[in-house]
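Here's the structure, in structure tokens; my notes come after.
The values are calculated or read from the model by the stated rules, or taken from the named source; none is laboratory data. What you see is a predicted model, and the numbers here were worked out from it, not measured in a lab. Virtual Cβ from ideal backbone geometry, glycine too; neighbours counted across all protein chains shown.
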Amino acid sequence: MTTKVIPLPDLAGFSERDGYWYAEEIPLADLAKEFGTPLYVYSKKALTEAYQAYDRACVDSAGKRRARVHYAMKANSNLAIIDCFKKLGAGFDLVSGGELARALTVGADPKSLVFAGVGKSANEITQALQAGVKCINVESIAELRQINRVATKLQCRAPISLRVNPDVDAQTHPYISTGLKDNKFGIAYHEVLNAYREAALLSQIDVVGIDCHIGSQITTTAPYLDALDKVLELVAQLKKEGIEIHHLDLGGGLGISYGEDHPPDITEFTNTLLNRVADRGFGHLDVVLEPGRSLVGNAGVLLTQVEYLKPGAEKNFCIVDAAMTELMRPALYEAYHAIVPVETRTVKSTTYDIVGPVCESGDWLGRDRTLAIEEGDLLAILSAGAYGFVMASNYNTRPKPAEIMVDGKNAFVIRARENITDLFVSESILPS
């Protein structure tokens with residue numbers, strides 16, 4: 001069987017040197033030996049460089065800030081990672097009361113927080129208003145009215161932005177497309193003006209912005225420009241009706257390279273969007289960008305040990321100690337992640353499906369991978385920094401792995417490995 005050779009993604013914080021893979025200045029094998037597997041490893045250097053690539057475009061040649069990055073925490077919400085971005089100057093995009101609590105825990109300025117999400121509860125809205133967030137992004141008329149009710153009860157003003165569904169095809173996987181008219185997200189384009197008119201009349205609502213987010217893992221600029229033009233048309237129409245928009249939230253969704261993907265350069269991409277805003281005469285608006293995957297995706301790897309090599313009549317299986325419980329994306333989206341041996345071996349290469357021990361046929365991490373490996377070897381699953389640990393589960397009563405942050409020659413435990421007893425400490429059996 002001939003397997004297709006896919007190039008490795010560009011990884012700022014990880015490299016292969018003389019047959020050994022490193023996280024910055026530490027061999028991955030040393031990290032696995034010290035902290036065990038499965039193990040998530042992140043590079044502070046990679047996080048920083050990705051953030052700076054956005055920020056370079058957010059300040060013009062005269063030093064005026066054109067936009068601000070609000071990290072989309074859903075990609076990876078570990079406290080150490082969000083604290084790193086806070087120190088770099090980021091705000092945050094939140095989609096739950098839990099994420100709000102995480103941002104406040106690291107000392108984020110509430111005015112740097114945008115609360116998004118399609119199904120905010122009254123309790124979450126209360127938490128956001130009491131915290132004093134910058135804005136709540138509204139996804140429906142029903143939610144708008146709920147926010148007004150909560151603000152009335154709290155006797156406060158609610159700053160809001162309406163999320164526009166522009167019916168633009170992001171040309172990405174249907175599970176992560178959010179800007180088409182058959183998606184659950186946002187307010188339909190043809191209904192937005194009426195929604196703003198109602199918002200302007202509600203007693204406790206302050207209209208402050210407009211929001212658009214069309215999907216995730218988008219690797220071309222054109223869908224963004226199509227959506228942006230439609231949103232700017234709405235801003236102009238709202239102004240004619242006396243409804244002033246103060247900030248423009250362009251969302252996130254820029255893809256990363258998992259191997260074959262070729263997303264635009266972050267700085268060039270950001271400049272293209274911000275220049276379009278200025279060229280259309282809206283340079284006075286504060287612009288919010290909400291990247292997630294493109295900040296953390298290629299800043300993390302998942303280390304796993306080969307438990308067994310199992311030849312088969314149709315397939316050869318490499319059974320590892322990581323599973324869909326650690327990295328859900330392949331099972332959920334049939335997502336591709338490059339997988340490499342942590343140390344080069346001089347054994348015969350064989351084509352394997354990389355699978356985990358979970359009792360599901362969908363528990364696979366990579367298919368048809370040609371690898372020179374032996375039982376006991378370590379593999380690194382690349383591009384695992386986004387939607388990795390945050391989607392992990394305890395299915396099959398499996399403890400979640402540790403997370404490590406590498407900064408140069410130093411490694412820090414930023415989440416301890418769970419113990420099995422942690423998983424049922426809050427459970428109880430019925431009295432006899």
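Please verify whether the stretch 72-81 includes one or more residues that are more than 27 Å from residue 323 (Cα to Cα), in a helix (DSSP H, G or I) and not assigned by TED's automatic domain parsing to the domain that holds residue 247. Steps first, please.
Within the stretch 72-81, the first condition is being more than 27 Å from residue 323 (Cα to Cα), and the residues that meet it are none.
No: the stretch 72-81 contains no residue that is more than 27 Å from residue 323 (Cα to Cα), in a helix (DSSP H, G or I) and not assigned by TED's automatic domain parsing to the domain that holds residue 247.
Take the residues of the stretch 52-71 that are among the charged types (D, E, K, R) and assigned to a helix (DSSP H, G or I): which is surrounded by the fewest Cβ atoms within 10 Å (Cβ to Cβ)? I'd like the intermediate steps shown before the answer.
Initial filter on the stretch 52-71 (among the charged types (D, E, K, R)): 55-56, 60, 64-66, 68.
Filter once more, keeping what is assigned to a helix (DSSP H, G or I): 55-56.
Details: 55: 20, 56: 12.
Filtering first and then ranking leaves 56.
Kindly establish whether residue 133 is closer than 21 Å to residue 293 by Cβ and at pLDDT 90 or above. Steps first, answer last, please.
Details: closer than 21 Å to residue 293 by Cβ: no; at pLDDT 90 or above: yes.
No.
Report every pair of residues separated by at least 6 positions or lying on different chains whose Cβ atoms are under 7 Å apart, first residue within the stretch 147-164 and assigned by TED's automatic domain parsing to the domain that holds residue 127, second in a helix (DSSP H, G or I) and aromatic (Phe, Trp, Tyr).
Close Cβ pairs (under 7 Å, with a partner that is in a helix (DSSP H, G or I) and aromatic (Phe, Trp, Tyr)) amount to 162/196; 164/189.
Write out, first by first residue and then by second, each pair whose Cβ atoms fall under 7 Å of each other, whose residues are 6+ apart or on separate chains, and whose first residue, in the stretch 413-432, is among the polar types (S, T, N, Q) while the second is at pLDDT 95 or above and in a loop (DSSP other than H, G, I, E, B).
Matching pairs, first to second residue: 419/399.
Report the residue count in the stretch 373-415 for those that are β-branched (Val, Ile, Thr), out of contact with any strand residue (DSSP E or B) (no Cβ under 9 Å at 6 or more places or on another chain) and closer than 14 Å to residue 322 by Cα. Explain how you work it out, then say what you get.
Going residue by residue through the stretch 373-415, those that are β-branched (Val, Ile, Thr) are 373, 381, 390, 397, 404, 406, 413-414.
Now restrict to residues that are out of contact with any strand residue (DSSP E or B) (no Cβ under 9 Å at 6 or more places or on another chain): 390, 397.
So of that shortlist, the ones also closer than 14 Å to residue 322 by Cα come out as 397.
Final tally of qualifying residues: 1.
Is it the case that residue 383 is among the small types (Gly, Ala, Ser) and either in contact with a Gly (Cβ under 9 Å, 6 or more places away or on another chain) or under 23 Å from residue 29 (Cα atoms) (or both)?
Working: among the small types (Gly, Ala, Ser): yes; either in contact with a Gly (Cβ under 9 Å, 6 or more places away or on another chain) or under 23 Å from residue 29 (Cα atoms) (or both): yes.
Criteria met by residue 383.
Which residue is surrounded by the fewest Cβ atoms within 10 Å (Cβ to Cβ), if the candidates are limited to the stretch 341-362 and must be in contact with an Asp or Glu (Cβ under 7 Å, 6 or more places away or on another chain) and hydrophobic (A, V, I, L, M, F, W, C)?
Taking the candidates together, the pick is 347.
Give me the pairs: first residue in the stretch 115-138 and touching a residue at least 40 places away in the same chain (Cβ under 8 Å), second residue surrounded by fewer than 24 Cβ atoms within 10 Å (Cβ to Cβ) and charged (D, E, K, R), beta-carbon distance under 6 Å, and six or more apart or on different chains, which are they?
From the stretch 115-138, the pairs are 118/139; 118/184; 134/111.
Exactly one of (1) touching a Lys or Arg at 6+ places or on another chain (Cβ under 7 Å); (2) crowded, with 24+ Cβ neighbours inside 10 Å; (3) not assigned by TED's automatic domain parsing to the domain that holds residue 372 is unmet by residue 325. Its number?
In the conditions (1) touching a Lys or Arg at 6+ places or on another chain (Cβ under 7 Å); (2) crowded, with 24+ Cβ neighbours inside 10 Å; (3) not assigned by TED's automatic domain parsing to the domain that holds residue 372, residue 325 misses (3) alone.
Would you pick out the residues in the stretch 178-194 that are at pLDDT 90 or above and either under 28 Å from the mean Cα position of the chain (by Cα) or surrounded by 18 or more Cβ atoms within 10 Å (Cβ to Cβ) (or both)?
Step one: filter the stretch 178-194 for residues at pLDDT 90 or above, giving 187-194.
Those that are at pLDDT 90 or above and either under 28 Å from the mean Cα position of the chain (by Cα) or surrounded by 18 or more Cβ atoms within 10 Å (Cβ to Cβ) (or both): 187, 188, 189, 192.
So the check is Cβ under 9 Å with 6+ separation or different chains; which pairs have a first residue in the stretch 180-191 that's of a type outside the set (A, V, I, L, M, F, W, C) and a second one that's at pLDDT below 75 and not in a helix (DSSP H, G or I)?
183/177; 184/178; 186/178; 186/179; 189/181
Give the stretch 256-270 a look and list any residue that's of a type outside the set (Phe, Trp, Tyr), assigned to a helix (DSSP H, G or I) and out of contact with any Lys or Arg (no Cβ under 9 Å at 6 or more places or on another chain), or say none.
Within the stretch 256-270, the first condition is being of a type outside the set (Phe, Trp, Tyr), and the residues that meet it are 256-257, 259-268, 270.
This time we only want the ones that are assigned to a helix (DSSP H, G or I), so: 266-268, 270.
The answer is 268, and nothing else.
Residue 204 is checked against (1) modelled with pLDDT of 95 or more; (2) out of contact with any helix residue (DSSP H, G or I) (no Cβ under 6 Å at 6 or more places or on another chain) and fails just one. What number does that condition carry?
Failing condition for residue 204: (2).
Which members of the stretch 303-322 meet the condition of being within 23 Å of residue 418 (Cα to Cα), of a type in the set (A, V, I, L, M, F, W, C) and either surrounded by fewer than 16 Cβ atoms within 10 Å (Cβ to Cβ) or out of contact with any Ser or Thr (no Cβ under 9 Å at 6 or more places or on another chain) (or both)? Give the steps one after another, and end with the answer.
In the first step, residues of the stretch 303-322 are kept if they are within 23 Å of residue 418 (Cα to Cα); the result is 303-307, 319-322.
Applying the additional criterion that residues be of a type in the set (A, V, I, L, M, F, W, C) yields 303, 306, 319-320, 322.
Selection gives 306, 319.
Which of the residues belonging to the stretch 101-117 are aliphatic (A, V, I, L, M) and touching a helix residue (DSSP H, G or I) at 6+ places or on another chain (Cβ under 7 Å)? Break it down stepwise before answering.
As a first pass, look at the stretch 101-117 and keep what is aliphatic (A, V, I, L, M): 101, 103-104, 106, 108, 113-114, 116.
If the condition is that a residue be aliphatic (A, V, I, L, M) and touching a helix residue (DSSP H, G or I) at 6+ places or on another chain (Cβ under 7 Å), then 103, 104, 106, 108, 113 are the ones that fit.
Please find, among 46, 67, 29, 57, the residue that is of a type outside the set (Phe, Trp, Tyr) and in contact with a Gly (Cβ under 8 Å, 6 or more places away or on another chain). Step through it out loud before you land on a result.
Numbers: 67 fails: in contact with a Gly (Cβ under 8 Å, 6 or more places away or on another chain); 29 fails: in contact with a Gly (Cβ under 8 Å, 6 or more places away or on another chain); 57 fails: in contact with a Gly (Cβ under 8 Å, 6 or more places away or on another chain).
Residue meeting the stated conditions: 46.
Suppose we keep only residues that are touching a helix residue (DSSP H, G or I) at 6+ places or on another chain (Cβ under 7 Å) and not in a helix (DSSP H, G or I) within the stretch 138-165. Which one would you say is nearest to residue 95 (Cα to Cα)? Spell out how you get there, then give the answer.
Here is the first cut: in the stretch 138-165, the ones touching a helix residue (DSSP H, G or I) at 6+ places or on another chain (Cβ under 7 Å) are 138, 141, 144, 146-147, 150-151, 154, 156-158, 160, 162, 164-165.
From what is left, the residues that are not in a helix (DSSP H, G or I) are 138, 156-158, 160, 162, 164-165.
Working: 138: 12, 156: 21, 157: 20, 158: 17, 160: 15, 162: 15, 164: 16, 165: 17 Å.
The qualifying residue nearest to residue 95 (Cα to Cα) is 138.
Select, from 56, 65, 102, the only residue that is among the charged types (D, E, K, R) and free of Cβ contacts under 8 Å to residues at least 12 places away in the same chain.
Numbers: 56 fails: free of Cβ contacts under 8 Å to residues at least 12 places away in the same chain; 102 fails: free of Cβ contacts under 8 Å to residues at least 12 places away in the same chain.
Only one candidate qualifies: 65.
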